[in-house]
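Engineer: If you scroll down you'll find the structure; I have some questions about it.
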Amino acid sequence: MRTPLIAGNWKMYKTAAEATAFVRAFLPMVAGVADVEIVLAPAFTSLGTVAMLTAGSRIAVAAQNVHFETEGAFTGEVSARMLREAGVTHAIVGHSERRQYFAETDASVNLKVKAALAGGLTPILCLGETLAEREADQTFTVVERQLRGGLAGIPATDAGLLVIAYEPVWAIGTGRTATPEQAQEVHALLRALLGAFWHDDAAAASVRILYGGSVNPGNVKSLMSQPDIDGGLVGGASLKPDSFAEIVKFR
């Protein structure tokens with residue numbers, strides 16, 4: 001059985017003070033949750049604060065990005081080693097907003113996946129199609145390209161060390177959500193592609209595949225009822241402690 005993982009991606013919201021207020025309110029709300037892995041992904045400036053406040057709890061901390069080198073003259077970038085020192089355990093890699101606004105490619109995303117793994121972080125590899133690509137019947141082609149590109153050179157022995165997040169770009173922040181059946185169709189495809197990629201169905205079965213795209217307390221249960229949906233990468237609904245706690249407690 002794959003342990004469900006619910007991650008809250010705060011994007012460019014919350015100062016350190018606001019993050020502190022969130023965590024203090026959120027911790028008692030999920031104190032009894034033992035069967036779901038919870039991850040918070042604050043902005044870089046709040047990573048250390050959130051890691052300190054959640055130390056000793058069941059909540060892990062993710063960075064929203066990571067650089068592919070260990071150090072160097074890369075102004076504005078942060079390495080896996082720096083993140084680990086700050087108490088970070090996961091890194092979101094290849095989010096559609098990074099691809100759209102910061103020109104990230106499958107090749108650069110692949111470097112970041114490798115850097116995260118080498119630095120002891122769990123990469124959460126994001127992929128998904130745009131509305132135009134879905135309407136042109138290119139969903140499967142796009143996600144296969146992103147999956148193969150993002151995982152190039154990653155062996156099956158690392159399967160348990162990474163997470164995939166399927167985020168249809170047309171559903172991110174739009175209020176539109178893929179139906180559970182639409183999401184399951186792509187998740188099942190991704191798992192089959194992983195098995196073919198590694199020639200190892202057992203390794204593919206061990207990978208958690210999250211759904212992201214306007215996940216909220218009202219739809220999380222139906223999404224999580226699908227056999228290949230192992231959790232959620234939650235955006236807007238993760239910004240308020242009560243709504244995110246409802247999602248985490250979907251059972």
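What follows draws every value from the coordinates through simple rules; no lab data is involved. Because the structure is a prediction, the values reported are computed rather than measured. Neighbour counts are summed over all protein chains in view; Cβ atoms, including those assigned to glycine, are modelled from backbone coordinates with ideal geometry.
Engineer: (1) touching a helix residue (DSSP H, G or I) at 6+ places or on another chain (Cβ under 8 Å); (2) part of a loop (DSSP other than H, G, I, E, B): which one isn't true of Ile38, the others all being true?
Structural biologist: The number of the failed condition is (2).
Engineer: Kindly indicate whether Glu129 is within 24 Å of Leu194 (Cβ to Cβ) and either in contact (Cβ under 8 Å) with a residue 24 or more places away in the chain or surrounded by fewer than 20 Cβ atoms within 10 Å (Cβ to Cβ) (or both).
Structural biologist: When the stated conditions are applied, Glu129 passes them.
Engineer: Turning to a different aspect of this structure: Report yes if Gly195 is buried (at least 19 other Cβ atoms within 10 Å of the Cβ) and within 25 Å of Val143 (Cα to Cα), otherwise no.
Structural biologist: Taking the combined requirement at face value, the residue does not satisfy it.
Engineer: Only one residue in Val61, Val23, Val50, Val33 is in a loop (DSSP other than H, G, I, E, B) and among the β-branched types (Val, Ile, Thr). Which one?
Structural biologist: Testing whether each residue is in a loop (DSSP other than H, G, I, E, B) and among the β-branched types (Val, Ile, Thr) leaves just Val33.
Engineer: Any idea which of (1) under 28 Å from Leu27 (Cβ atoms); (2) in contact with a Phe, Trp or Tyr (Cβ under 8 Å, 6 or more places away or on another chain); (3) among the aliphatic types (A, V, I, L, M) is the one Leu189 doesn't satisfy?
Structural biologist: Among (1) under 28 Å from Leu27 (Cβ atoms); (2) in contact with a Phe, Trp or Tyr (Cβ under 8 Å, 6 or more places away or on another chain); (3) among the aliphatic types (A, V, I, L, M), the lone unmet condition for Leu189 is (1).
Engineer: Taking region 194-239 on its own, how many of its residues are among the hydroxyl-bearing types (Ser, Thr, Tyr), part of a loop (DSSP other than H, G, I, E, B) and under 15 Å from the mean Cα position of the chain (by Cα)?
Structural biologist: Number satisfying all stated conditions: 1.
Engineer: Kindly indicate the residue of region 19-30 that is among the aliphatic types (A, V, I, L, M) and touching a Ser or Thr at 6+ places or on another chain (Cβ under 8 Å) and also surrounded by the fewest Cβ atoms within 10 Å (Cβ to Cβ) among those meeting that condition.
Structural biologist: Selected residue: Leu27.
Engineer: For Thr45, state whether it is surrounded by fewer than 20 Cβ atoms within 10 Å (Cβ to Cβ) and part of a loop (DSSP other than H, G, I, E, B).
Structural biologist: When the stated conditions are applied, Thr45 does not pass them.
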